[in-house]
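Here is the structure we will look at, set down as structure tokens.
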Amino acid sequence: MSVAGLLLAAGAGRRMGRPKALVEFEGRLLVERALALVTEGGCSPNHVVLGASLDEVVATADLTGATVVPNPDWPSGMGSSLRAGLDSLPADAEAVVVTLVDQPLLTARTVRRLLAAYEQGAVAAVATYAGKPRNPVLLARSTWADVAALAVGDVGARAYLRSHPELTTPVPCDDVGSPEDLDTPEDLAGLKERGEPTG
């Protein structure tokens, strides 16, 4: 089984005041934490899509073992990053786990649950929290062309998942992490103040 990891980290983080890839949380940059998520979860190879401040992220972050995928079209939204990432994956990748850079409370156990769902026949598996679909998401190769066609603007895989509920397997992950994302400095400060468990 060859399941790749795909980290979308190209945005400028305008509300954060800097690219989220370069935001530090618990001693590590968010892009490093997210890369560790898919690596420790069992994905390989792992690709990181970068756009805003690409040179600074590459120079600053430890992306050892990952393939950097430049997305010059990053201002158009997350959809372009997802398309660039899917296009970059090797021909022998059977599926991919897609995750975002700004959710530091996700854990490798969540990724492993998605891989288990794929082993059991899932075509598209999505982590759910309180019954609601969030990230990360696993997509079998057979879905990639349709996912890419629907990934426009700031829409990633969500449009495909909503239009194909019969192919989507929900994977409850409430007990192995939180999908809380970081959009502003206040979000980051609040997370640090609460001291949410991670790992």
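Treating r as the C-beta distance of Arg15 and Thr169 and R0 as 41 Å, the FRET efficiency rounds to 0.80.
The list (i) 107; (ii) 189; (iii) 124 gives values of volume of the Cα convex hull per residue in Å³, and only one came from this structure; which label was calculated from it? Among (i) 107; (ii) 189; (iii) 124, the one derived from this structure is (i). Between the beta carbons of Glu94 and Thr60, assuming R0 = 35 Å, the FRET efficiency works out to 0.60 to the nearest 0.05. Inter-label distance, Val68 to Glu24: 2.0 nm, where each label sits 7 Å from its Cα along the C-beta direction.
Here the label points at Asp183 and Ser76, each 7 Å from Cα along the C-beta direction, are separated by 2.4 nm in the simple model. Taking every DSSP helix (H) stretch of at least 4 residues in the chain, weighting each as -39,500 (n - 2.57) and dividing the sum by the residue count yields a mean residue ellipticity at 222 nm of -9500 deg cm²/dmol. In this calculation the C-beta distance from Val155 to Ala130 is compared with R0 = 30 Å, giving a FRET efficiency of 0.85.
Rule-based calculations on the coordinates, nothing more; no lab input. Quick caveat: nothing in here was measured; it's all calculated off a predicted structure. Cβ sites come from the backbone with ideal geometry, for glycine too, and all protein chains shown count toward neighbours.
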